[in-house]
Each structure stands twice: as structure tokens, then as C-alpha cells.
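Single-structure report; data block below.
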Amino acid sequence: MFCITFPGGAYGHFVSWTLEWMQGNFPADYRPFTAQKNSHNWSSNQVSTVDQACTNVRNNTILHPIQDSSTRIVDSYDKLFNHYDKIVALHPAKDDFIWHMNNKLTKIYKSGWIAARMAANHDALLSEGLANWQGNEHWETREHLSFYLWDQHIAEVRFNDVESYSNPRFKKIEINMIRDQFVDTFMALADWLEIEVVRSIADIELLQKDWLKNEPNLHKDKLIKDLTSAIINDKFMEMKDLSIFDEAIIQRNLRLEGYEIECFELNTWPTDTIKLRELIYEN
């Protein structure tokens, strides 16, 4: 009996479905992908809380182990181990953060992460921070996120607690392992869970190709690092299809390197690094 824990956007539905598919519980050519590029098009064993997972124990249950800001993830794991033999914990490495942030921005809520969090009053720091800018223009939201988003993400995913947690019945899978070692990661996971795999390696490789079609943000962390370096060193790189999270992290990165952006009313992000270089100054 096992369960899968994950923060939103860390492929809990996809990993859970893939384990079912590998056992032959779905047709070989079926895919669970939606227009929103998530993997929610199937009836998973998802529950809303740790208590529900412990009350309604089912194999391959998936859940977010954090309910609110006061939740200690170690306490969640301890509760789950009273009912499940093994826990699979999906989480981002720090070099996956911008990829994962973009997933939660676009894949979880149809209205988008920012609007959904504020509408549900889930995040006082986000709401109050944006209110302090006394406006909701794009540049103001970006500016606030540049101060707020990175630390919020570390806290939201309980990064340090997951990184330090150890138990022989607990398997951590960084999401980059799915990207970089797709077949090996799923085969090793199936072996650890003692799942009988009926799909061939060729089947799994084909699934990987189809999954990749739904993942535009896989290499965002390297891209944002390279763009930041190009801006500082006055090197040309095109900047296109960046999300507001990407822009905010570039602004944060520049600040950490001693630069600020002349961002007042900068609602349209420059199209290349040379143009943005003209708008930064040493702080």
C-alpha cells in the first residue's frame, strides 16, 4: 500500500496515472492530458487532506501533504506511515523551481495561480503585498513577485524539510528525474513499489514523447539563468514567451547581483537582453 505526496504542479496525477498504465489498467495508447497541459483526465485516488488519506486508505492515493501555513510536513508523513507501507514524495530541486513555479501558474487553476489564490484568500502576503503597490498593473505585480515569489515557493513546498527527511519507506523523486531519466525513473519506482510492469520500454518511451509535448517549461531555470547573465554582461539574447513569474525572477536575480530595473510603468517586457540592459542601474 503506497501513497504519493506532491505540491501542486509536481506531476502527482501524471506519476500516479503512469503507474496504473504500466500495469495495464489503461489502454497502451490512452493519455490523461488535458487542454491545460496537466494530467487530470482520469479518475485518480486524490484526496484533499492527510486525514482523508488516513480514513479512506486506497493504494496509489495522491495528496498535497500541506493544508495550510501551519502544517509540518514531517507530521503529515508520520500520520501517513500509520496507514501506508510506502510514501513517494515528488518535489522540485532548486534548479527546478522556475519550471515548477510556471507549472503552478498555468496548470492548476483555470483562472491562473495569482487570481485563484487571491480570490480564495489563500495568501495574505500576496494580497497585502499587491495592495501596497496601490494598483494592479503588470509592472506592479511583477515587482511584488520579485521580492516575494522565491521565498514563498521554498516555504510552500517545504523544500528544506523534504530535502532532509529520510526513511527507508520514503522515496523522494525530484521532478528533474522525470525529465532527464524518464524510463529509468519509472522502472526503478515500479520496482521499489513491487509493481508488475506489462508495458514495454518502447511503450514507455512513446509515453515520454507525448508527455514532453505538454511541457513548455522544462528548461526555464537554465533559460532564466542565461538571460540574467546576458543582461549583466551586455550580450544579446532574445526574450520571448516569458511568463510574469519568469520576469519576476529575472528582476530578483538582477537585484541579487546588485542591479535594479527602472520598472515604473514597464508593463511590456523588453524583447531582448540588450534592451533590458539599458533599463538597469547599479544599486
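Every number here is computed from the coordinates shown, using simple stated rules; none is lab data. Not measured: the values here are computed from a predicted model. Please note: Cβ atoms are built from the backbone with ideal geometry, for glycine as well, and neighbour counts cover all protein chains shown.
Can you pull the percent of Cα pairs in the chain with separation above 31 Å? Don't jump to the answer; show the numbers that get you there.
Values: 13252 of 39903 pairs.
So the pairs more than 31 Å apart make up 33 percent of the total in the chain.
Mind jotting down the distance between the C-alpha centroids of the stretch 197-216 and the stretch 249-283, whole Å?
39 Å
Could you check which residue among F186, F147, F264 shows the biggest mean-square fluctuation in a GNM of the chain with a 10 Å Cα cutoff?
F264
Straight-line reach from K220: which aspartates and glutamates have a Cα under 12 Å away, not including same-chain ones fewer than 8 places off?
Those aspartates and glutamates meeting the cut-off are D95, D96, D241, D246, E247.
Using the crude model of +1 on Lys and Arg Cβ and -1 on Asp and Glu Cβ, and no other charge, please compute the dipole size for the chain relative to its Cα centre, in debye to 20.
The dipole of the chain has a size of about 660 debye.
Using the number of other C-beta atoms within 10 angstrom as an exposure proxy, rank R169, R142 with the fewest first.
Arranged by neighbour count, lowest to highest, R169, R142 become R169, R142.
Collect residues whose amide H, placed 1.01 Å from N in the peptide plane, falls under 5 Å from the amide H of Q46; neighbours closer than 5 in sequence don't count.
The answer is I62.
From the backbone phi of the stretch 223-236, what are the Karplus-calculated ³J(HN,Hα) couplings (6.51 cos²θ - 1.76 cosθ + 1.60, θ = phi - 60°) in whole Hz, Gly and Pro given as x?
Running phi through 6.51 cos²θ - 1.76 cosθ + 1.60 with θ = phi - 60° gives 4, 5, 4, 5, 5, 4, 4, 5, 4, 5, 9, 6, 9, 7 Hz.
Sorting R58, R252 on the 10 Å Cβ count, fewest up front, what's the list?
The most exposed by this proxy come first: R58, R252.
Got a sec? How would R277, R158 order by Cβ neighbour count within 10 Å, fewest to most?
Sorted ascending by nearby Cβ count, the order is R277, R158.
Quick one: 3J(HN,Hα) in Hz for the stretch 238-245, Karplus 6.51/-1.76/1.60 with θ = phi - 60°, rounded, Gly and Pro as x.
Running phi through 6.51 cos²θ - 1.76 cosθ + 1.60 with θ = phi - 60° gives 6, 10, 9, 6, 8, 7, 5, 5 Hz.
Rank E20, E156, E196 by mean-square fluctuation in a GNM of the chain with C-alpha springs under 10 angstrom and give only the top-ranked residue.
Of the options given, E196 has the highest mean-square fluctuation.
Could you work out the helix-only [θ] at 222 nm for the chain, with each DSSP H run of four or more residues adding -39,500 (n - 2.57) and the total divided by the number of residues, to the nearest 500 deg cm²/dmol? Walk me through the intermediate numbers first.
Working: 14 runs with 137 residues, N = 283.
When only DSSP H runs of four or more count, the value is -14000 deg cm²/dmol.
Give me the tail of P(r) for the stretch 10-98 as a percent: Cα-Cα pairs with distance above 15 Å.
64 percent
Let me spell out the model: positive unit charges on the Cβ of Lys and Arg, negative unit charges on the Cβ of Asp and Glu, origin at the Cα centre of the stretch 221-270. What dipole size does that give, in debye rounded to 20? Write out the running numbers ahead of the final one.
Numbers: 6 positive and 11 negative charges, 36 e Å.
Dipole size: approximately 180 debye.
With just the Cα atoms defining each centre, how far is the stretch 158-189 from the stretch 1-53? Give it in Å.
Result: 16 Å between the Cα centres.
Where the only charges are on Cβ atoms (+1 Lys, Arg; -1 Asp, Glu), what is the dipole of the stretch 135-283 about its Cα centre, to the nearest 20 debye? Could the numbers behind the result be given before it?
Working: 18 positive and 31 negative charges, 64 e Å.
Taking the Cα centre of the stretch 135-283 as origin, the dipole is about 300 debye.
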